[in-house]
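Visitor: First the structure, which I've put down as structure tokens, then a few questions once you've had a look.
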Amino acid sequence: MGKTLVLAEKPSVGRELARVLDCKIKKEGCIEGAKYIETFEEIEKYFKSNDFKIKEFIQIDKIPLPVFSKETNEEKNLDKKDDSSDESKWIIKERHTSSFSRRFTLPDDIDSENVKATFFVVGNNASKYPEVVRQIAGQGHEVALHAGEHKDFLKLNSSELAGNISSGKKVLEELTGKPVKYMRPPHGFRDWAVMETASDFRLKVVNWSVIPRDWTNPGAQVIADRVCKDVFPGAIVLLHDGDAPSQTASREQTVEATALIIDELRKQGYNFVTVSQLLERK
């Protein structure tokens, strides 16, 4: 019987998935259990080091995902039309995290392109850098909530969840003088409890449509190419202002890529709007 491979976009998420799936055997680029293998390394690197071959790519929700198999059973696995019985194939939906953990200032020319965006902000970070939040709002951008404190909402009880959302919403509204209408939960994780609690605070949960994985710093042009390849009318593009608290990677590539994205998508006839403006048009 084959094992299910779970792909995570970064080590912190990978380790948590491994814990939940009872994967305890640490190997190069992965943690293995009785039924699952969890990997957070680059996909190509992992499979080459573990004797897999990339047979083909499949397209799911505009994200190309590779189908892998061992040489010993690749023909058997890939020739099947009914994927539900193929235990060597699987798809795990990608998630992410975002928060700036160090001193952060906006570029002086941030408004030169006359492009407005929605910033999903962590309340704790807003308290540390109130001038940044005021600048964002003052230049006509939309401020939304990411969390009061960047924690996995699925692990909080009802009281902790409500307190987290309430504190973050309060901070942002005090700094901007405007009601906060939208929330993107950490990692995009949500269940009925998260949705209902958000509704209690009159917040609409909004995730994303296009995720170029800019936090991995693959290069400004790569980030821009990924966005422009996958974008479509009405899409919400996810870019990061910072990293997880334990990381300090520069966001210079994201800033550079943003300019490339704006230029290319304007050539294609796209306009840039906030989440509120987007929903008003639908």
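Read-outs: derived from the displayed coordinates by stated rules, not from any lab. This structure is a prediction, so every number in the text was calculated from the model and none was measured. Cβ coordinates were reconstructed from backbone atoms using ideal geometry, including for glycine residues, and neighbour counts include every protein chain displayed.
Visitor: Net charge within 15 Å of residue 145 by Cβ-Cβ distance, Lys/Arg positive one each and Asp/Glu negative one each, not counting residue 145 itself?
Guide: Neighbour charge sum, excluding residue 145 itself: +3.
Visitor: Counting Lys +1, Arg +1, Asp -1, Glu -1, what net charge surrounds residue 220 among other residues with beta carbon under 14 Å of its beta carbon?
Guide: -3
Visitor: Write down the Kirkwood hydrodynamic radius of segment 118-281, to one decimal in angstroms, obtained as one divided by the mean of 1/r over all alpha carbon pairs.
Guide: Answer for segment 118-281: a Kirkwood hydrodynamic radius of 16.6 Å.
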